[in-house]
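Worksheet: the structure to be examined is printed underneath.
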Amino acid sequence: MLTEQDLIAYINKSTERANIDNISRTKAYQYFYLEFPEIEWSFLASMVSRNAGWNITDMHSPMFKRMLNHRIRKQLFSTYERANWLIFSDAYPQLLLYQLSCEVQKPLFHLLRHFSVSTFMEQEWLHFWQSRDKDRLVNALIINEQNVIQGPVTKHPFYKYRIFMNWPYLMQDILKMSAVLFPTRSGYIYAVTVHDFSNLTKRIRLGKQLANILFNPIYYKDFLDFAIHTEHTGSRNDYLRYLPHSDAKDSPILRFVYPVIEHQDNIRKDWYLRGGVKKRWWKKEHNPKNIWNGFNKKRKLIQTLSKLM
């Protein structure tokens, strides 16, 4: 019979193996969701992680190479990669502990403390185990993971001053040129604006809006169909190939242009013990409008203008 130390070692090894790069993370989230569809956050994480991959490879597209120098593009890559890695290192042990709890038919969430996971999530997983409240668990995981990256990324001096207070980020924020895309194989894309990413409450609100859209009965089957039948490569061709008259040749495959990055996981302090949860973080959100047409037009315009630089 496996001991708790055996389980801890297994989770650490499995998380390390799956946390190699954006591709491995995205696939791990999706595989888990297909095995445990009651954990809806895992599907949300996989779709958002796809977007992170597309944004990462943008740094190697001709458009961005013309507009931004190598140093800025490297810093932007570092921001996406660090946030992506941190969230996975915190969330995947939670998912594996749920899987193990199901296998032994008893909650093992007291082990979360061995992976620097907040006590907030220990409470929330126990609540889910007893209530099976899927919506509450999705919201809790969104709240937790956005708090996880608040200190190490959005408030970290390097990212704060080199990224979030620098002109490329401020310009794209003003022009609303950042969006999360949920594609389908029919060519329909639901796009939601990402605005003021450094603001914790706004990121939590965005996460809840994205969950609403992803699991809306009108769209869910098409989004899932896309995910199952479209290999995630990090290239925007993953979804652009389903659009009529699309030219995605400028979007590279992630593993062709980026090496594996080694991260140092500093001991994370429990954000919940320091600040708790704000009531507005639990508030229900309405679906934002689909801004795909406007977003796509602006992106094409900037791509054209970049060729004149």
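Observations on the structure shown:
- Subset of the range 1-26 [surrounded by 10 or more Cβ atoms within 10 Å (Cβ to Cβ), out of contact with any Gly (no Cβ under 9 Å at 6 or more places or on another chain) and part of a loop (DSSP other than H, G, I, E, B)]: 2, 19, 20
- Of the residues making up the range 183-202, those that are within 18 Å of residue 54 (Cβ to Cβ) and either aliphatic (A, V, I, L, M) or at pLDDT 95 or above (or both) are 183, 184, 185, 187, 188, 189, 190, 191, 192, 194.
- Number of residues in the range 90-126 that are closer than 20 Å to residue 2 by Cβ, touching a residue at least 60 places away in the same chain (Cβ under 8 Å) and not hydroxyl-bearing (Ser, Thr, Tyr) equals 11.
- When the criteria are applied in full, residue 76 meets the requirement of being assigned to a helix (DSSP H, G or I) and modelled with pLDDT under 95.
- Residue match in the range 79-89 (condition: assigned to a helix (DSSP H, G or I), more than 18 Å from residue 203 (Cβ to Cβ), modelled with pLDDT of 95 or more and not hydroxyl-bearing (Ser, Thr, Tyr)): no
- Among helices (runs of 4 or more DSSP H) entirely within the range 203-309, having at least 2 residues that are of a type in the set (Ser, Thr, Tyr), at pLDDT below 95 and out of contact with any strand residue (DSSP E or B) (no Cβ under 9 Å at 6 or more places or on another chain) singles out 292-306.
Residues checked against (1) crowded, with 18+ Cβ neighbours inside 10 Å; (2) under 24 Å from residue 231 (Cβ atoms):
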site	(1), (2)
65	no, no
72	yes, no
88	yes, yes
104	no, no
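- Consider the range 202-228 and keep the residues that are out of contact with any helix residue (DSSP H, G or I) (no Cβ under 7 Å at 6 or more places or on another chain) and under 27 Å from residue 156 (Cβ atoms). The one that is surrounded by the most Cβ atoms within 10 Å (Cβ to Cβ) is 206.
- Residue 130 meets all of the listed conditions (1) over 21 Å from residue 46 (Cα atoms); (2) polar (S, T, N, Q); (3) surrounded by fewer than 20 Cβ atoms within 10 Å (Cβ to Cβ); (4) in contact (Cβ under 8 Å) with a residue 24 or more places away in the chain but one, namely (4).
The values are calculated or read from the model by the stated rules, or taken from the named source; none is laboratory data. Only a predicted model underlies this, so the values are computations on that prediction, with no experimental measurement involved. Reconstructed Cβ throughout: ideal geometry from the backbone, glycine too, with neighbour counts over all protein chains shown.
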